[in-house]
1. Return the subset of Lys340/Lys461; Lys340/Lys376; Lys376/Lys415; Lys427/Lys487 for which the Cα-Cα distance in this structure is over 18 Å, preserving the input order.
2. So how much slack lies between Asn188 and Gln453, counting 0.36 nm per residue of separation and subtracting their Cα-Cα distance, in nm?
3. Magnitude of the Cβ-charge dipole of segment 419-548, K/R +1 and D/E -1, about the Cα centre, nearest 20 debye?
4. What is the packing order of peptides 340-346, 324-330, taking the mean over residues of other C-beta atoms within 10 Å and listing the highest first?
5. Please enumerate, by chain and number, the aspartates and glutamates with C-alpha under 13 Å from the C-alpha of Lys290, excluding those fewer than 8 residues away in the same chain.
6. Show me, for segment 447-459, the HN-Hα J-couplings you get by feeding each phi into the Karplus relation (A = 6.51, B = -1.76, C = 1.60, θ = phi - 60°), rounded to Hz, glycine and proline as x.
7. Could you give the accessible area per residue of segment 400-548, probe 1.4 Å, as a whole number in Å²?
8. When the accessible area of segment 283-335 is split by element with a 1.4 Å probe, what percent falls to carbon and sulfur?
Amino acid sequence: STSREGPGRATPTKEGGGRLRHHNHDTRDPSKRATFGPGRSVSTSHIRRGAHYQSTSSLYSDGHSSSSVSPAPSPSPTHAQTQPHAQPHAQLHAQPHAPTSHAPTIHVRHTSPFVSPARPAQLGALSKRWASTSDFATPSRVTHAHSPTPTNSQLARRANSGSMHNLTNLRTATSQLNLSRAREAQYNPDEGVVKLYLRGRPLNLYVPTSIQETYSPTSPSSSPPAKLKLEWVYGYRGRDCRNNVFQLPTGEIVYFVAAVVVLYNVEDQMQRHYLGHTDDIKCLAVHPNKLLIATGQTAGHDRRDARPHIRIWDSVSLNTLHIIGISDIERSVACLAFSKADGGSLLVAVDEAPDHNMSVWDWSRGERGYKLLETKCSADQVLAVDFSPVDRSTIITCGKNHISFWSYDSGMLAKRLGIFENRERPKYVTSISFTDAGNVISGDSNGNLLIWQRGGNTVYKMVRGAHDGPVFSILVQKDGAIITGGKDGQIVEWDRDLERTGNTIEIPEQYGSPRVVTSGRGTQLVVGTTRNCVLEGTFTFPMRPVMQ
């Protein structure tokens, strides 16, 4: 079944405690125009067109999970496949017709490279009304009687007769036929290649030599008796993503690569996979209950099925619970965070649009959540966002040339920029975390650590040269100890007062620098690196790779 956007909804917000903004929740499907060109003969001697196609899986479906566990296979790589059981939106069945030199040439001009979605009911009606493209060659269907300049009464009679309604139907049918022709497969028997588009990407499929002479994409054929199932995923996306490795109470390590979220049990050497996303995942957040997970994806080539959005799902059953931000996020979800002080009732997300809009959601209200407000976050890149663990209304964002302190109250956000005073202002504030007292700890591109007093926007304490280069990750443990990871390959332990304890870990160069450091079982640390590896170890025992 498919679900469509409801009517637009405006939400008043306030930017930086100032101007109110209204936001429309409406879809942005690009428009298309189709025109008839002059009738030219079209040679089809070398091209056979398949009239059967199906769309990619709907992003509203929640049945895209590989819930069965699998042992690690042999070292030969296994490629992640798209969801094999995804159901198509609809199929368009057009009856094939013999090549003819009288078939009209249909020129399609798209204002966007993307194709807008069509209702299944419309496609079904289209297949019944237009059995083949030869219908458009019938003059009575597309031409109108010519007469001298009509009078007003004549115009009225024509309108009453429904001519305009018929013309609208004709244009709609023409546009839908052009849509099908743009997506159908093309077979070149000389080369033995079928050319088609899959989710907007061109793809060449090679026909087996034994059936090249008789193969036709229009001929009905049964699906193969076996289906592909994702068994094992290698690697991890650590090169350009942050805060995306966590240890779950089940003992599994959760992280993502490409469009797959991996739940990896290292002891049992088994993986489970969440396959709900339709394009690359960019960020991940774990709910305070440690069971629910939110993941955000980027925009893909297919404007319908690969729109940027956020999915909230159950890490035990792998069922999708909520899909939010489908029409609100413009480019990609840069970072996510659940609220902590109230048990995780809110979700904050930052878009990678030019204004890096930040939105706050009551994510559990309905299947698509409810957007409480949205405001411009920063003109510069935003690297991280987080809620305070002690103040429900406090949100911190950081990135290029800024660290911002937000207060959320009565449906409005008030923004204060961090003041560095006479201290060196870093080009990037690269990481943030909170102490158990609610103070903010930030790391920057200069390798410094700063403590910002709770409720304020000025620096309380600074540690210069904590790392030789940017500080990528800050972890505050339950006992108050602070662990940082930097581009210099060092993992360093600090006490509550940011004094070194003497415990350090040197990550071998072949694994890269620690991009994210998180708590594992007991005293173990789980580390994601810039060279896309996941490591485990402690300050006593050396780090070992669990995923490369």
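1. Working: Lys340/Lys461 25 Å; Lys340/Lys376 23 Å; Lys376/Lys415 10 Å; Lys427/Lys487 15 Å.
Beyond 18 Å between Cα atoms: Lys340/Lys461; Lys340/Lys376.
2. On the way: separation 265, 0.36 × 265 = 95.40 nm, distance 6.88 nm.
Between Asn188 and Gln453, full extension yields an extra 88.5 nm.
3. Numbers: 14 positive and 14 negative charges, 59 e Å.
With Lys and Arg at +1 and Asp and Glu at -1, about 280 debye.
4. On the way: 340-346: 16.7, 324-330: 21.1.
With the highest mean Cβ count within 10 Å placed first, the list reads 324-330, 340-346.
5. Glu252, Asp314
6. Running phi through 6.51 cos²θ - 1.76 cosθ + 1.60 with θ = phi - 60° gives x, 9, 10, 10, 10, 10, 4, 4, x, x, 9, 10, 6 Hz.
7. On the way: 6670 Å² over 149 residues.
The answer is 45 Å² per residue.
8. On the way: 700 of 1480 Å².
It is 48 percent, rounded to a whole number.
The values are calculated or read from the model by the stated rules, or taken from the named source; none is laboratory data. Since this is a predicted model, take the numbers as computed values, not measurements. Quick reminder, even Gly has a Cβ in these numbers, built from the backbone with ideal geometry, and neighbours come from all protein chains shown. Accessible surface is based on the protein model in full, side chains and every heavy atom, while ligands, DNA and RNA are left aside. Shrake-Rupley method; radii C 1.70, N 1.55, O 1.52, S 1.80 Å.
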